[in-house]
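A short worksheet on the structure shown next.
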Amino acid sequence: MIATPTFPDLSALVVDESLYIRRIVRDMLMRVGIKRVLEAPDGAEALGVLAESKPDLTIIDWDLAILSGEEFIRLARTPATSPSPTVPIILMLAQPRRNVVDRAIALGVNEIIAKPFSPKTLWSRLDEVINRPRPFSQVKSLLRPLPRASGLSKMGAI
């Protein structure tokens with residue numbers, strides 16, 4: 001049996017319209033030592049939290065009201081509009097369609113997970129963004145993580 005990983009001294013921002021989903025993700029994060037978990041129900045509030053608190057990573061849903069996940073990612077990855085353009089972003093997708101996955105990658109997400117997901121799936125994505133961060137490159141106005149050297153995709157169950 002694989003031991004539960006630990007990621008102490010990190011803060012995370014969880015963005016989802018569903019309070020229930022935010023609490024489930026919060027619990028998964030706390031089980032691996034991430035005690036500072038900030039929450040937002042939409043992209044607009046998430047941008048405010050990103051600017052004010054500068055979390056170590058963001059876990060966000062694509063389908064959000066007010067400011068969508070797509071719009072949040074675009075603003076978060078644009079150095080001119082973002083207080084933290086290289087914050088790791090893990091995207092949650094209820095329906096991981098290829099066109100959405102391609103758009104998310106082009107915008108600069110670090111990892112993608114399909115809902116519903118297990119704690120182990122989330123922990124593996126945390127391990128990628130925390131323990132094996134990829135350098136960023138600027139493509140037009142956006143910062144994007146470089147592709148993995150291995151060329152193998154770990155972007156979720158797609």
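The values are calculated or read from the model by the stated rules, or taken from the named source; none is laboratory data. The structure presented is a predicted model; accordingly, all values stated were derived computationally and were not measured. So basically every Cβ, Gly included, is an ideal-geometry build from the backbone, and we count neighbours across all protein chains shown. Quick note on the areas: whole protein, heavy atoms, side chains included, nothing else; ligands and nucleic acids left out. Shrake-Rupley method; radii C 1.70, N 1.55, O 1.52, S 1.80 Å.
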Go through Pro135, Pro116, Pro147 for me and flag whichever is touching a Leu at 6+ places or on another chain (Cβ under 7 Å) and open to solvent by 40 Å² or more (accessible area, probe 1.4 Å). Pro135
Quick one: how many residues across segment 107-121 are farther than 20 Å from Leu50 by Cβ and not charged (D, E, K, R)? 6
Checklist (1) buried (at least 19 other Cβ atoms within 10 Å of the Cβ); (2) in contact with a Leu (Cβ under 7 Å, 6 or more places away or on another chain); (3) modelled with pLDDT under 95 applied to Met155, failing item: (2)
Return the pairs, sorted by first residue and then second, in which the second residue is basic (Lys, Arg), the first residue lies in segment 33-55 and is within 16 Å of Ile21 (Cβ to Cβ), the beta carbons are less than 8 Å apart, and the residues are 6+ apart or on different chains. Val37/Arg26; Glu39/Arg22; Glu39/Arg26; Pro41/Arg22
Members of segment 1-56 found to be under 18 Å from Leu67 (Cα atoms), of a type in the set (D, E, K, R) and open to solvent by 80 Å² or more (accessible area, probe 1.4 Å), listed by number: Glu17, Glu45, Glu52
Failed condition for Val100, given (1) without any contact (Cβ under 8 Å) to a residue 40 or more places away in the chain; (2) open to solvent by 20 Å² or more (accessible area, probe 1.4 Å): (2)
Thr86 versus (1) open to solvent by 40 Å² or more (accessible area, probe 1.4 Å); (2) out of contact with any strand residue (DSSP E or B) (no Cβ under 7 Å at 6 or more places or on another chain); (3) modelled with pLDDT of 95 or more: which is the lone unmet condition? (2)
